[in-house]
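The values are calculated or read from the model by the stated rules, or taken from the named source; none is laboratory data. These numbers were taken from a predicted model, which means no experiment stands behind them. Backbone-built Cβ (ideal geometry, glycine too); neighbour counts: all protein chains shown.
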Amino acid sequence: MDFKQLQTFLAIAECGSATKAAHMLHIVQPAISRQMRILEEELGTVLFHRERSGMELTDAGRILLEHARRVMRELDEARAQLQPPSAVVSGFVRLGMPASTCDLLAGELVAAVKQRHPQIRMGMYSGFGGFLQKALLNGELELAIVNDPEPSPLLETRYVLNEQLFLIGPADSGLRPDQALPLSMLRGKPLVLPAAPHAMRSTIERACALANVGLEVVAEVNSMHMQRSLVRHGVGWTVMPSASFFEDLSHGDLAGAPLASDVLQRHLALCLPVTRQASAATRCVAAILLELTQREVEEGRWPSARWVGQG
């Protein structure tokens, strides 16, 4: 098995067709077919179902696909690390972040990386903290912003900000980001909250139990988009980080105010796996991400967040 065979295998898996893969790789189709035949003979298994409509991975092919992608990523990282300091930084960097921070950070980050390092390609992924942490450890991400990460000796963890959670409600509710509210304000309000076992739901329930505040949950959701939609349509209020509703709050479509509770906080950390050395491209993206996050906090666009990372 060699590099060209893996490259050809990945191209066919992506295109679903030897003809399309040949066009992508700028080689003739017989060469594509020959490389796959040799690879299958070497491995002693069939990697693709050949149908009239195209080529579909077998179970063995799907197993090889996972390993082939990992090998190609490792080669990409090796090239980036071997570049001399004066070389143009290049490479593919996969970054994960909570959905609640995407509106505030994702677009600005990708634009800044493209402007400063045009040879860096970005892969952007969102998910809950547990999903992102697992993806880092499995080699599926190079770095991630994680909400209250579980301690792990396999992760380099740098806490960057603490954030008070907000009560989010209708635009005419009178909520203001500069006026903190007591937790008792939740009593009797119809709430749209993440479904258990989401960490945010656990944090809210724990804080309210300690303050003896009952919750009236009218809807449980498993996506940020759905939660935002229900609140915007007046189904209920919610408790979330202000960054989750950044556009709604900045445009005046909704209003929000921080809740004065030491328990109702989240702590965001930049995490990288220690099991492999970060490439030059990964380090550049991490530096830009930290710079942008600090600027958003210090210039007041991230209400009730406090920067705790080093400048």
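Residue by residue through the stretch 292-306, note down the ones that are touching a residue at least 60 places away in the same chain (Cβ under 8 Å), in a helix (DSSP H, G or I) and more than 17 Å from the chain's Cα centre (by Cα). Reasoning before the result, please.
Applying the first criterion (touching a residue at least 60 places away in the same chain (Cβ under 8 Å)) to the stretch 292-306 yields 292-294, 296-297, 301-306.
Now drop any that are not in a helix (DSSP H, G or I), which leaves 292-294, 296-297.
Listed by number, the residues that qualify are Q294, E296, V297.
Which one is nearest to S173 (Cα to Cα), of the residues in the stretch 226-257 that are crowded, with 16+ Cβ neighbours inside 10 Å and of a type in the set (S, T, Y)?
It comes out as T238.
Kindly evaluate I38 against the criterion of being of a type in the set (A, V, I, L, M) and exposed (fewer than 15 other Cβ atoms within 10 Å of the Cβ). Break it down stepwise before answering.
Details: of a type in the set (A, V, I, L, M): yes; exposed (fewer than 15 other Cβ atoms within 10 Å of the Cβ): yes.
Taking the combined requirement at face value, the residue satisfies it.
Taking strands (runs of 3 or more DSSP E) that do not extend beyond the stretch 121-189, which have at least 2 residues that are farther than 15 Å from M240 by Cβ and at pLDDT 90 or above?
Values: elements: 143-147, 155-164, 166-170.
Hits in the stretch 121-189: 143-147, 155-164.
Take the residues in the stretch 226-249 that are without any contact (Cβ under 8 Å) to a residue 40 or more places away in the chain and out of contact with any strand residue (DSSP E or B) (no Cβ under 7 Å at 6 or more places or on another chain), then tell me which one is nearest to S100 (Cα to Cα).
R228
With respect to H49, is the statement that it is on the phi > 0 side of the Ramachandran plot and not β-branched (V, I, T) true? Quick ask: steps written out before the conclusion?
Values: on the phi > 0 side of the Ramachandran plot: no; not β-branched (V, I, T): yes.
No, not satisfied.
Report whether or not G252 is on the phi > 0 side of the Ramachandran plot, in the same structural domain as D178 (by TED's automatic domain parsing) and either in contact with a Gly (Cβ under 7 Å, 6 or more places away or on another chain) or not charged (D, E, K, R) (or both). Talk me through it step by step, then tell me what you get.
Working: on the phi > 0 side of the Ramachandran plot: yes; in the same structural domain as D178 (by TED's automatic domain parsing): yes; either in contact with a Gly (Cβ under 7 Å, 6 or more places away or on another chain) or not charged (D, E, K, R) (or both): yes.
So G252 fits the description; yes.
From the set of residues in the stretch 190-207 that are free of Cβ contacts under 8 Å to residues at least 40 places away in the same chain and in a helix (DSSP H, G or I), which is surrounded by the fewest Cβ atoms within 10 Å (Cβ to Cβ)?
As a first pass, look at the stretch 190-207 and keep what is free of Cβ contacts under 8 Å to residues at least 40 places away in the same chain: 194-197, 201-202, 205.
Filter once more, keeping what is in a helix (DSSP H, G or I): 201-202, 205.
Values: R201: 17, S202: 12, E205: 14.
Only one residue tops the list, namely S202.
Could you check the stretch 155-177 and list, in sequence order, the residues that are farther than 14 Å from H267 by Cβ and of a type outside the set (A, V, I, L, M, F, W, C)? Outline the logic, then answer.
Kept after step one, since they are farther than 14 Å from H267 by Cβ, are these residues of the stretch 155-177: 155-156, 166-177.
Once the filter is applied, which keeps residues that are farther than 14 Å from H267 by Cβ and of a type outside the set (A, V, I, L, M, F, W, C), the stretch 155-177 yields E156, G169, P170, D172, S173, G174, R176, P177.
What pairs can you find where one residue is in the stretch 151-162 and farther than 9 Å from P273 by Cα, the other is surrounded by 14 or more Cβ atoms within 10 Å (Cβ to Cβ) and at pLDDT below 85, and their Cβ atoms are less than 6 Å apart, with a gap of 6+ or different chains?
Taking only residues 6 or more apart or on different chains, the pairs are V160/G309.
Under 9 Å between Cβ atoms, which residue pairs at least 6 apart in sequence (or on different chains) link something in the stretch 18-35 that is under 16 Å from R50 (Cα atoms) with a partner that is in a helix (DSSP H, G or I) and of a type in the set (D, E, K, R)?
Note: pairs meeting the criteria are K20/E14; A21/E14; Q35/K4.
Mind telling me which of the residues I120, I168, I145 ends up being farther than 23 Å from A280 by Cα and among the β-branched types (V, I, T)?
Working: I120 fails: farther than 23 Å from A280 by Cα; I145 fails: farther than 23 Å from A280 by Cα.
That would be I168, the only listed residue that is farther than 23 Å from A280 by Cα and among the β-branched types (V, I, T).
Considering only helices (runs of 4 or more DSSP H) fully contained in the stretch 1-91, which possess at least 3 residues that are at pLDDT below 80, among the charged types (D, E, K, R) and closer than 26 Å to P118 by Cα?
On the way: elements: 3-15, 18-25, 29-43, 59-82.
By residue number, 59-82.
Which residues, taken from the stretch 7-61, are hydroxyl-bearing (S, T, Y) and under 33 Å from the mean Cα position of the chain (by Cα)?
Start the filter on the stretch 7-61 by keeping residues that are hydroxyl-bearing (S, T, Y), which leaves 8, 17, 19, 33, 45, 53, 58.
If the condition is that a residue be hydroxyl-bearing (S, T, Y) and under 33 Å from the mean Cα position of the chain (by Cα), then T8, S17, T58 are the ones that fit.
Collect the residues in the stretch 208-225 that are part of a helix (DSSP H, G or I), free of Cβ contacts under 8 Å to residues at least 40 places away in the same chain and surrounded by 15 or more Cβ atoms within 10 Å (Cβ to Cβ), keeping them in residue-number order.
C208
Considering the stretch 230-247 alone, what residues qualify as being under 21 Å from the mean Cα position of the chain (by Cα) and of a type outside the set (A, V, I, L, M)?
P241, S242, S244, F245, F246, E247
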